[in-house]
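What follows is one structure encoded as structure tokens, with my remarks underneath.
Values in this text are rule-based calculations from the coordinates and carry no lab data. For clarity, every value in this text was computed on a predicted model and none was experimentally measured. Cβ coordinates were reconstructed from backbone atoms using ideal geometry, including for glycine residues, and neighbour counts include every protein chain displayed.
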Amino acid sequence: MSQPPDATVGMRLSLSHVSKSFPGVRANDDVSLAVRPGEIHALLGENGAGKSTLVKIIYGVQQADSGEIRFDGRPVEIASPKAARRLGIGMVFQHFSLFDGMTVLENIALGLDETVPRDVLEARIRAVLDSYSLPLDPNRAVHTLSVGERQRIEIVRCLLQDPKLLIMDEPTSVLTPQEVERLFETLRRIATQGCSILYISHKLDEIRALCESATILRGGKVVATCDPRAETTRRMAELMIGAELKSIERPAGERRGGALRLAVDGLDMPGEPPFGTSLKNVSFSVHAGEILGIAGVAGNGQAELLLALSGEHRAASDDAIRLDGRPLGLADAGTRRAAGLACVPEERNGHAAVPGFTLAENALLTARHRLPLTRSGLVRGGAVARFAREVIARFDVRTTGPEALAGSLSGGNLQKFIMGREIGQTPEVLVVAQPTWGVDAGAAAAIRQALVDLAARGSAIVVISQDLDELLELADRLCVINEGRLSPARPVAGLALEEIGLLMGGIHGESPAEPAHA
Amino acid sequence: MLELRPRRAPSRIMTYLSPLIAIAATMATGTLVFGALGYDGLRAVEAIFLTPLLEPQRWPDLGVKAAPLIVIALGLAIGFRANVWNIGAEGQYVMGAIAGTGIALLTHDLTGWWILPCMLLAGIVGGAAWAVLPALLKVRLQVSEILTSLMLTYVAVQVLYYLVRGPWKDPDGFNFPQTRMFSADQTLPAIAEGSLVHLGVPAALLLALCAWFLLSRSVAGYAVEVVGRAPAAARHGGFDAGRITWATMLASGGLAGLAGIVEATGPFGQLTPQFPVGYGFTAIIVAFMGRLSPPGIVFGALVLAVTYVGGEIAQSTVRLPAAAAGMFQAMLLFFLLATDVLVRYRPVLRRRG
């Protein structure tokens, strides 16, 4: 049907001198890039480098202030996503727009621009699934699917339109290593059919494995165009952040063997209906000076575990959670903080911090239990501002001061402030979820270093993350959470990536060997 | 073409400017609308918005009308800040008056300084009690307090009608539907001999000062704000949203009840079917106009009091119908909500092509 375009004719997509400004920030500054037909092209950059804005311009969500876009050689005005789809541009977003209660087929039907009879659509979906060997049942309800399978729905939705350019926005952030490998196979197959792929990521290893060329953005400008297969990861990272990469300094020697700080024993907690994950008999312990990593694919109970530990959800028994031997399972969030159990949830805006509050007001939110920030029911404004200023200085938060609104900070800066707020209270135990989610590389390194330093001072730390590289870098021991169950902790030294991947996919390795009966 | 672009941060200037723009827009629209209806539009607007401010003999009346609005709006603002939408202040206001009047009727042949404080206390308790049901339903069953509190208003008014026409009817009142007049010990004194202004007026200002201090300086005020802005963050910070809902609901009910009994023992001196004049609803406009802050509420209450007094003036001078004041008040809220868009967005003139 669609004849494969001749690669010599020209570029599939070319941007020349595209600029876009928002109040106070130049998101894209004179950006030019070109993607050949059938090429997998990486768009690389830190958070805030302008990747999202550029992609939104290509997909018609936003319009460029100046510059020219050519598609298959012709200059085009992409006024809306619908216009983009008509040109043959498809996009898979980082956050899926799927209805959990509906089937795969119904979800795809809802996303199409035209109305197609159900049986025709099903036949077309099956044809696409077959031609790319994608395993997916069109009649399954979405809430029964894994994240990888959900992503496949979005990909199929795009492929149904015979796209000439597929945009993938941070597609692997929620996948297991095995799922990533499978996605890459699919993407390579799509590319060999002549469809170009614009692949947005900041994960350099993936880009080196998948992409033939890369455009690196920093501060809205193109700083380099390169062949990622010919570059080192380190050099690309340095191009991306525009500075030399600092490695984390860990104190030498054995860190384990400290006193038992946090003990969780047989913690059960029902998930919130309809799609919450229940925690089932979760047990683990963390010692002074130790970092315990909890890996897992998103939606397997990480959010519930954090709420259960922070006290936002209470356990059924007081002994399920003990801090330095003191039972806290029934205590509320304030009591737990006062006792020294601090938590940082994954969501910064509206959970860890109030975006409409100043940094000082946000400092008060969780620090008032351990620090003398209030007196007889009144807020000690001076003390709060002083603490906020300390956090800002110590954690290098780029802001105008304690009176800046939390919502005006970039994700990385706000995360540094939140981490600083908790670490500044020197908790006995710190539980953090996704500490560097959506945070630029420089800030991520600073946050990881702060966690290592806190452990070195004798606190016990639990890091819940979907970023395996981060966990392998930070943690002394690692468990995997899958469908609300936690695997036993293993020392990170000598742990095979495949094994973690299998645990994340739900194959539990409780017994040392596979059952022998065949 | 005019286009609205999101601002990076809410505009502080617009926060304060938008009520003034709303007032100007109300005056302009009022001129046009009442002009089109065949009245002298310009004089109508002048009578409603300017005469009460320009004639000093109207000022005591402004104070007397502003006082209940301030007290009720303070309570509402505390709730609104916590995302607790008590729309039934009118019912709590009536219930407060009923509860306080109950004490007055029980003590009508007694004397003593303690009677008035007992009545005021009963007013607070009565208003708060009328907020218990909406609070309970919201916290336990997530029933919208907007509906329950509003509906209870009509129940309260019916209770009032029943009492003044039935068991509480003045035995010496020639069968008029009204209670006994309150005795001297049951009446709120004036600030000075012969003045129309009762003690409730300075008390309302004092209350605004206290509320301002508590909201801006206390941990409780902070808790209210966090619960309203980000419930998940409040829970994370160890605040109990259910308790905040209870506290703000009872506080707003209690303050509305206090306003009710103050109005009953002050200007009215008894309960009659004419007692509910809609202060409980008007106070919603006051709270929004005052940006949910006590100093702003004092200003907003003054503006709305002007429309009440001015409405009466316009009835006699321009022969405007009595409902005109209500129309102007509604327009104020309407334009205020509309201009509040400018706090978060800025208008930009966009060239086509």
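Please compute the average number of Cβ atoms from other chains found within 10 Å of each residue's Cβ in peptide A:332-338.
Counting Cβ atoms of other protein chains within 10 Å of each residue's Cβ and averaging gives 3.
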- For helix A:118-131, what angle does its Cα long axis make with the longest principal axis of chain A, in degrees from 0 to 90 and rounded to 10? 80
- Spelling it out for A:Leu13: with amide H atoms placed in the peptide plane at 1.01 Å from N, the residues 5 or more places away or on another chain with amide H under 5 Å from its amide H are A:Val35, A:Asp72
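Please work out the Kirkwood hydrodynamic radius for the range A:151-230, using every pair of different C-alpha atoms, and report it in angstroms with one decimal place.
Computed over Cα pairs of the range A:151-230, the Kirkwood hydrodynamic radius comes out at 13.5 Å.
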- Query: About its Cα centre, what dipole magnitude does chain B give when the only charges are +1 on Lys and Arg Cβ and -1 on Asp and Glu Cβ, stated in debye to the nearest 20?
  - Reply: 1880
- Message: Hydropathy at least 1.6 by Kyte-Doolittle, axial extent at least 24 angstrom from the Cα trace: which helices of chain B, defined as entire DSSP H runs, fit?
- Response: B:115-141, B:200-217
- Item | Reachable lysines from A:Lys164, criterion Cα separation under 18 angstrom, eight or more residues apart if same chain | A:Lys56, A:Lys82
- Using the per-residue mean of other Cβ atoms lying within 10 Å as a proxy for protection, in what order, highest first, do the peptides A:325-332, B:241-248 fall? B:241-248, A:325-332
- Message: Give me the dipole magnitude in Debye, nearest 20, for the range A:91-243 about the Cα centre, with unit charges on the beta carbon: positive for Lys and Arg, negative for Asp and Glu.
- Response: 400
- Within a Gaussian network of chain B (alpha carbon springs, distance under 10 Å), most fluctuating of B:Gln329, B:Gln92, B:Gln186: B:Gln329
- Item | Highest-MSF residue in chain B out of B:Phe80, B:Phe213, B:Phe174 [GNM, Cα springs under 10 Å] | B:Phe174
- Note on the structure: For the range A:283-415, whose charge dipole is built from +1 on Lys and Arg Cβ atoms and -1 on Asp and Glu Cβ atoms, the candidate among A:Leu309, A:Pro372, A:Val344 with its Cα farthest towards the positive end is A:Pro372
- At a Cα cut-off below 20 Å, give the lysines reachable from A:Lys203, other chains included and same-chain residues fewer than 8 away excluded. A:Lys51, A:Lys221, A:Lys246
- Item | Mean residue ellipticity (222 nm) of the protein assembly as shown, computed from DSSP H runs ≥ 4 via -39,500 (n - 2.57), nearest 500 | -14500 deg cm²/dmol
- What ranking do B:Met327, B:Met151, A:Met240, B:Met249 get, fewest neighbouring Cβ atoms within 10 angstrom at the top? B:Met151, B:Met327, A:Met240, B:Met249
- P(r) of chain A over all Cα-Cα pairs, binned every 20 Å from zero, in whole percent: 21, 52, 26, 2
- Task: Scan chain A and report its longest stretch carrying no chymotrypsin sites (Phe, Trp or Tyr not before Pro) that are both in a DSSP loop and have at most 13 other Cβ atoms within 10 Å.
- Result: A:276-518
- Rounded to the nearest whole Å³, what is the per residue volume of the convex hull around the Cα atoms of the range B:261-329? 102
- Message: At a 10 angstrom cut-off on C-beta neighbours, averaged per residue, how do the peptides B:70-79, A:309-318 rank from highest to lowest?
- Response: B:70-79, A:309-318
- Query: What's the average, rounded to a whole number, of partner chain beta-carbon atoms within 10 Å of each residue's beta-carbon in B:223-236?
  - Reply: 6
- Query: How big is the protein assembly as shown by the Kirkwood estimate over distinct Cα pairs, in Å?
  - Reply: 31.5
- Query: In peptide A:402-411, what is the residue-averaged number of other protein chain Cβ atoms found within 10 Å of each Cβ?
  - Reply: 1
- Counted neighbours (other Cβ, 10 Å), sorted fewest up, put B:Met181, B:Met14 in the order B:Met181, B:Met14
- For chain B, count the residues as N, evaluate 2.2 N^0.38 Å, and divide the Cα radius of gyration by that value, please. 1.05
- Listed by chain and number, the residues whose amide H is under 5 Å from that of A:Asn482, excluding neighbours fewer than 5 places away on the same chain and using placed H, are A:Ser487
- Task: Would you mind putting A:367-380, A:203-216 in packing order, based on average other-beta-carbon counts within 10 Å, highest first?
- Result: A:203-216, A:367-380
- Message: Could you tell me the center-to-center distance, by alpha carbons, between the range B:40-54 and the range A:412-426 in angstrom?
- Response: 56
- Query: Put +1 on the Cβ of every Lys and Arg and -1 on every Asp and Glu Cβ in the range B:38-175; which of B:Gly123, B:Trp113, B:Ile48 then has its Cα farthest towards the positive end of the dipole?
  - Reply: B:Gly123
- Can you give the angle from 0 to 90° between the axis of helix A:411-423 and the longest principal axis of chain A, with both taken from C-alpha atoms, to the nearest 10? 10
- Hits among lysines - C-alpha to C-alpha of B:Lys169 under 23 Å, sequence gap 8 or more where chains match: none
- Residue-wise, which Karplus ³J(HN,Hα) couplings in Hz belong to the range A:290-295, taking 6.51 cos²θ - 1.76 cosθ + 1.60, θ = phi - 60°, and x for glycine or proline? 10, 10, 9, x, 10, 9
